[in-house]
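Asks: Next up is a structure, given as structure tokens.
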Amino acid sequence: MDTRPIGVFDSGVGGLTVVKQVMKVMPHEHIVYFGDTARVPYGTKSKDAVTKYSLQNVRFLQSKDVKAIIVACNTASSNSLEAMRAATDIPIFGVVVPGVEAAVRATQNQKVGVIGTAATVRSGAYESMIRQKNPDIAVYSKACPLFVPLAEEGWTDNDISRLTAQQYLNELLSKDIDTLVLGCTHYPLLKRCIGTTVGERVKLVDPAKATARQVRDFLAQQNQLNENETEGERRFYL
Ligand code: DGL
């Protein structure tokens, strides 16, 4: 057993959607969260900048003696995961692979939409990994940068967010997708608005739950779960 906390980071509040799932799946784990609100958004920045910030965030969490790090940011997961893994011995988990697996499981008509930040879409990570798993799946990606400030502002389901969603998503809907990956951890905060826009026929995939399960299975395998019966302590740094 290992009672050290799990570290989680994002550019801002979006990663809290992942923390929520971690708390559900591993209620006894201590969590240290870091939201880089001074430098949000990451999605409009270069790969080099995202990697530099990500490495700094890893160092910050490392200073809190964490036993594992969840990169609760698709932008950092799709651009900087290898650099982070090379910089530390602490196991690092991204959100893209669990999202890819969930999307491949969910689609029936083999047409998947992926929405994310400009940097995530530019990386092509979702597209190439989905195609690796199943070359028959057509992937349609769309950057939706305005969703991040809307989520940070708390404008998750008002006229402005609804119009923004229509503007971004109509093009994807014309491709007849039956699955839409919320490829940015801020987007589940707008889930209701996005869901209303795409309609019930399109399944929304939030990689957070699958990520939390992956981390739990890993820690269990390593005998590193916190087996205390008490609720975990959560600390938030912004
Ligand atoms: N929430 C992050 C993501 O999943 C970053 C959003 C941003 O800062 O642009 O990509």
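Asks: Select from segment 179-212 the residues that are surrounded by fewer than 16 Cβ atoms within 10 Å (Cβ to Cβ) and charged (D, E, K, R) and list them in ascending order.
Replies: Lys191, Arg192, Glu200, Arg201
Matching residues to (1) near the ligand (Cβ under 10 Å from one of its atoms); (2) within 18 Å of the chain's Cα centre (by Cα); (3) free of Cβ contacts under 8 Å to residues at least 60 places away in the same chain:
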| position | (1), (2), (3) |
| --- | --- |
| Thr156 | no, yes, yes |
| Tyr168 | no, no, yes |
| Leu180 | no, yes, no |
| Lys191 | no, yes, yes |
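Asks: How many of the residues in segment 48-78 are buried (at least 23 other Cβ atoms within 10 Å of the Cβ), more than 9 Å from the ligand (Cβ to nearest atom) and not β-branched (Val, Ile, Thr)?
Replies: The qualifying residues number 3.
Asks: Restricting the search to segment 22-47, which residues are surrounded by fewer than 21 Cβ atoms within 10 Å (Cβ to Cβ) and part of a helix (DSSP H, G or I)?
Replies: The answer is Met23, Lys24, Val25, Lys47.
Asks: Return the total of residues in segment 81-126 being of a type in the set (A, V, I, L, M, F, W, C) and part of a loop (DSSP other than H, G, I, E, B).
Replies: Qualifying residue count for the region: 2.
Here, each number is a calculation from the coordinates, and none is a lab measurement. Remember, predicted model here, so these are calculated numbers, not experimental data. Every residue, glycine among them, receives a Cβ derived from its backbone with ideal geometry; neighbour counts consider all protein chains shown.
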